[in-house]
């Protein structure tokens, strides 16, 4: 009888865990830091989604606490996230990455400059892997009203307000 109770509890926990991750959402904050004079870009993704993507692409487990595994995700992110002006990419410097059980945070910056007017953003992170992935980008800066833009598989590239 005890085995059945434990089995039922495990099955209930597994189904709750599966239900808990129905939404695939990324969040990016783009803001100007007046203290440094740089535009900062902070991405947050669900760790499970990033790990599943990398497993699918490379058929191996990744430990995003390791620098060499972070480099693999960095290459992917730099292909899927880009800011451009007049068709030319803006240099986004990689500052670093933090990974924990729940989330992956990536830090980038456009050094010593505000986000230029007429910037266009490509954000296809995880949308190539998860059809229901939605990436929300919040943008703020001097002379720019705060705005939130939604990216998905159908809308990967949009002008920034």
_Equivalent ellipsoid semi-axes, the chain, via Cα gyration tensor eigenvalues times 5, rooted, Å_ = 35, 17, 15
*Is it possible to state the helix-based mean residue ellipticity at 222 nm for the chain, with each DSSP H run of 4+ residues giving -39500 (n - 2.57), the sum divided by total residues, to the nearest 500 deg cm²/dmol? What is it?*
-9000 deg cm²/dmol
*Using only Cα atoms, find the angle between the long axis of helix 2-20 and the longest principal axis of the chain, and express it within 0 to 90 degrees, rounded to the nearest 10.*
20 degrees
*Given a cut-off of under 8 Å on Cα pairs at least six residues apart, what relative contact order in percent is computed for the chain?*
26 percent
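Each value in this text was obtained by applying a stated rule to the coordinates, not by laboratory testing. Because the structure is predicted, anything quoted here is derived from the model rather than measured.
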